Amino acid sequence: MTTAETYSAYAERTDEPRFTDWLREQSQPDWDAAVEHRFVEELGAGTLDEDAFAAYLVQDYAFVDELVGTFGHAVGQAPDMAAKRQLVEFLDTVTDEEDDYFERSFAALGVEDSRWQDPEPTDATAAFIDLLGRAAREGGYAETLAVLVPAEWIYESWATAAAAAHGDPDSDGLPSAGMGLPFYFAEWVDLHAVDSFVAFVDWLRGELDAVGPTLSPRQEARVASLFDRTVTLERQFFETAYGETAATADHEVSP
């Protein structure tokens with residue numbers, strides 16, 4: 001984290017403060033390193049090595065089961081039926097549309113079934129899976145949101161930036177229109193830049209914005225650590241696709 005500033009101190013110096021904006025500020029410089037990573041820059045430009053992307057997708061698919069389970073915990077923890085419905089509808093997208101995307105992409109990229117059906121997780125993937133599980137099992141709604149919000153927000157941030165930089169601003173089609181990308185790049189951008197996903201991420205942030213200011217100082221620090229750790233692992237997840245060694249123990253989060 002950049003500083004140990006509390007949310008109340010941040011709110012006093014900020015017009016229209018949001019708890020999630022404070023968390024993002026606390027997670028620098030890893031936040032910018034993740035959303036501006038070489039991996040996503042090359043993906044948006046269509047220059048990303050396909051083997052690197054295939055390796056990344058295999059690891060991302062290994063991570064999806066735990067992500068779905070964590071969203072399932074969030075459904076149970078959500079404060080009302082309206083919030084539960086939002087989370088369930090997102091889970092439907094992940095387990096249907098996104099799952100179909102993975103299978104078609106693996107086939108197009110020549111990834112053998114055995115490789116993606118029973119992948120060997122990298123250190124970054126294993127650490128991410130562990131973090132998701134512990135946050136959901138060992139905390140409440142705030143702790144679960146502390147890992148889900150950055151995991152989804154980072155993707156919305158880089159994907160909308162890629163569409164803005166390389167897409168056709170006059171197109172009424174999908175965000176990747178005009179980018180000239182193969183479908184496995186284009187649809188990965190679209191999944192995370194379409195209006196429905198952008199709206200979901202803003203709603204998800206709003207859930208954490210609502211509960212964050214009510215937390216005790218100890219729980220606030222815990223949530224900030226979980227958010228920061230998630231951002232660090234997202235950056236390392238992109239690095240691992242290139243076969244780079246990334247330390248996953250920059251700082252530990254106690255259960």
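FYI, it's all coordinate maths here, none of it is from the lab. Since we're looking at a predicted model, the values are computed, not measured. As a convention, Cβ positions derive from the backbone with ideal geometry for all residues, glycine included, and neighbour counts pool all protein chains shown.
For the chain, a Gaussian network of Cα nodes joined below 10 Å ranks 160, 47, 125 by mean-square fluctuation, and the top entry is 47. In this structure the amide hydrogen of residue 242, modeled in the peptide plane, comes within under 5 Å of no amide hydrogen from residues 5 or more places off or on another chain.
Compared with the dominant principal axis of the Cα atoms in the chain, helix 217-240 is inclined by about 20°. Tell me, rounded to the nearest percent, the portion of alpha carbon pairs in the chain spaced more than 27 Å apart. Counting pairs separated by more than 27 Å, the tail of P(r) holds 35 percent. Close amide H pairs (under 5 Å, H built 1.01 Å from N) link residue 140 with no residue at least 5 positions away or on another chain. Sequentially through segment 139-152, phi angles give Karplus couplings (6.51, -1.76, 1.60; θ = phi - 60°) of x, x, 4, 4, 5, 5, 5, 4, 9, 6, 4, x, 4, 8 Hz, Gly and Pro residues having no value and appearing as x. Free of any GluC sites (Glu not before Pro) that DSSP assigns to a loop and that have at most 16 other C-beta atoms within 10 Å, the longest stretch within the chain is 113-243. 3J(HN,Hα) along segment 75-91, derived from phi through the Karplus expression 6.51 cos²θ - 1.76 cosθ + 1.60 where θ = phi - 60°, amounts to 4, x, 8, 4, x, 8, 5, 4, 5, 4, 5, 4, 5, 5, 5, 5, 4 Hz, with x in place of Gly and Pro.
The angle between the Cα long axis of helix 183-193 and the main principal axis of the chain comes to about 20°, on a 0 to 90 degree scale.
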